[in-house]
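A short worksheet on the structure shown next.
The values are calculated or read from the model by the stated rules, or taken from the named source; none is laboratory data. Note that the coordinates shown come from a computational prediction; the quantities given were computed from them, not determined experimentally. Here the Cβ is made from the backbone with ideal geometry for all residues, glycine too, and neighbour counts use every protein chain on show. Surface areas here come from the heavy atoms of the whole protein model, side chains and all, with no ligands, DNA or RNA. Shrake-Rupley method; radii C 1.70, N 1.55, O 1.52, S 1.80 Å.
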Amino acid sequence: MSPDGVSIGAGAHSCPQFVKSFRPALQDETAGKSLAAVARKLRKAGYEVHGKHYKRYPHGASAKSPDSEFLLHNALYVVHEVVPDVACDPGLIDLCAKHWKAALPLHRWLIEHVR
């Protein structure tokens, strides 16, 4: 919460440890396809998947796999921004729960594959 609004989100922000665990997880074909499916579902629900940072793929990486877009990420998260007045609304908890529930597959993927 800030004077500019309320941010409701889930995921992992950038840190060196994240990238060290995240990229190897993407090398697992099943995990990578699973993440691509999670991202498709989130986008279909109206969320934007954030965290893209790099302009080039790592040496030897293919840009053709379904999860290749994530090789350009140093973070992975979704966020929903709402106006500041929502912070005082009695429905804030329900609104947060709605967005956290939608982001739960991303959270679960991160917990399972990124340490």
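What the table shows:
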| item | result |
| --- | --- |
| Placed amide H near Ala12: partners under 5 Å, 5+ positions off or other chain | Leu76, Tyr77 |
| Solvent-accessible heavy-atom area per residue, rounded to whole Å², over the chain at 1.4 Å | 66 |
| Ellipticity estimate at 222 nm from DSSP helix runs (n ≥ 4, -39,500 (n - 2.57)) divided over the chain, nearest 500 | -14500 deg cm²/dmol |
| Qualifying aspartates and glutamates (Cα of each under 20 Å from Cα of Lys55; at least 8 residues distant if same chain) | Asp67, Glu69 |
| From phi via Karplus (6.51, -1.76, 1.60), per-residue ³J(HN,Hα) for the stretch 6-13 in Hz, x at Gly/Pro | 10, 10, 10, x, 7, x, 10, 8 |
| Loop sites in the stretch 2-108: trypsin sites (Lys or Arg not before Pro), DSSP, at most 13 other Cβ within 10 Å | Lys55, Arg56, Lys64 |
| Under Karplus coefficients 6.51, -1.76 and 1.60, residue-wise ³J(HN,Hα) of the stretch 110-115 in Hz, glycine/proline x | 4, 5, 6, 10, 10, 10 |
| For q = 0.09, 0.16, 0.17 Å⁻¹, Debye-computed log10 I/I(0) when each Cα of the chain counts as one equal scatterer | -0.27, -0.75, -0.83 |
| Among Leu106, Gly46, Pro66 - extreme Cα towards positive end, dipole of the chain, charges at beta-carbon | Pro66 |
| On Cα atoms only, tilt of 16-27 relative to the major axis of the chain in degrees | 60 |
| Cα centroid separation, the stretch 76-114 to the stretch 27-48 (Å) | 17 |
| The stretch 1-77: chymotrypsin sites (Phe, Trp or Tyr not before Pro) in DSSP coil with no more than 16 other Cβ atoms inside 10 Å | Tyr54 |
| Percent carbon-and-sulfur accessible area, the chain, ignoring ligands, DNA and RNA, probe 1.4 Å | 55 |
| Spacing of the two label points (7 Å from each Cα toward its C-beta) at Glu29 and Leu92, in nm | 4.8 |
